[in-house]
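This report refers to the structure that appears directly beneath it.
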Amino acid sequence: AELQIVKICVRDVAKKRDFEIPAGCEVVGDPKSILEDDTIDMADIIMAAIAKGKHVVTGNKALIAANLPELQQAVKAVPAGSFSYEAAVCGGIPIIQTLKHDYVGDRVTSIMGIMNGTTNFMLSKMAIEGASYDDVLAEATKLGYAESPPDFDVEGWDARSKLAILCKLAFGVHVPEESIPCMGITRVSLEDFKYAHQMKCTVKLLGVASMNPDGTLSAHVSTCMVHLTNQLSGVNGVLNCISVTSSV
């Protein structure tokens, strides 16, 4: 395959170079310009850094979901380096370190939770204030909770990436995120909340994964009716919450 150089990071952008910059290549002085460029394969950069014994910290959930087994093997091969990604999945809980260290002697049987703060903010507003989907999406965008466009949040893709990561940590199974059934909140209306209220429920976007009796794993992301007696029903705003069930 032909190598295309799209960005070069240097200390002094103004310094005259003794070589020709390739056509279409941008010279930048801020490493973030490369790290935040979605057209650049960050997995290769991270793998190379780990191989050199560097300590890598990232919150790029899509990258981690797609490459976690390889990243874990890379760290094992070069113990001098480390790979930390707590912020990638509900960083305020925190769930990554909990699954890695606190359930070592347990067998996790299921995980269920609110894994996306943007959609939880929107659904909370619809449930509590009776605001329309379009209005809460506009507010979430204005407040900086939702990206523009907001597809990764409202279509459930962000939560799906997080669920894929949790499946690897909790069950030891690498699940390609595109194989996880996913339905976001774009079709949720105020009518849904009226029906939910009649059943003493509310509506939440949940990521769910559980081990079946035959040893297979089931996982999905979807809007769900959550009974008001369930602790997840009271988690509102941009907050996340994960429920882990295990057996010794």
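So the values come out like this:
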item: Charged-residue dipole, Cβ positions (Lys, Arg, Asp, Glu), region 121-248 about Cα centre, Debye nearest 20; result: 440
item: Reported label for calculated volume of the Cα convex hull per residue in Å³ given (i) 194; (ii) 172; (iii) 155; result: (ii)
item: Estimated 222 nm signal from helices in the chain, with DSSP H stretches of n ≥ 4 weighted -39500 (n - 2.57), rounded to 500; result: -10000 deg cm²/dmol
item: Cβ-based charge dipole, the chain, positive-most Cα from PRO150, THR98, ILE185; result: THR98
item: Of the trypsin sites (Lys or Arg not before Pro) in region 13-97, those whose Cβ has at most 14 other Cβ within 10 Å and which sit in DSSP loop; result: LYS15, LYS16, ARG17, LYS52, LYS54
item: Kirkwood-based shape ratio for region 7-88, expressed as Rg/Rh from alpha carbons; result: 1.05
item: Loop-resident sites, region 8-92, for chymotrypsin sites (Phe, Trp or Tyr not before Pro), counting at most 12 other Cβ within 10 Å (DSSP); result: PHE19
item: Within straight-line cross-link reach of LYS61, lysines at Cα separation under 29 Å, skipping those fewer than 8 residues along the same chain; result: LYS7, LYS32, LYS52, LYS76, LYS100, LYS125, LYS142, LYS162, LYS168, LYS204
item: Stretch in the chain that is longest and holds no GluC sites (Glu not before Pro) that DSSP places in a loop and that have at most 11 other beta carbons within 10 Å; result: 37-248
item: DSSP-assigned coil residues among trypsin sites (Lys or Arg not before Pro) in region 162-248, each with at most 14 further Cβ atoms within 10 Å; result: ARG187, LYS200
item: Interchain or long-range residues, amide H under 5 Å from VAL56's placed H; result: SER82, PHE83, SER84
item: Rounded to 5, the percent of DSSP beta bridges in the chain classed as antiparallel; result: 75
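We did not get these values from a lab; they are worked out from the coordinates using the rules stated. A quick note: this is a predicted structure, and the numbers were derived from the prediction, not measured. Cβ atoms come from the backbone with ideal geometry, glycine included; neighbour counts cover every protein chain shown.
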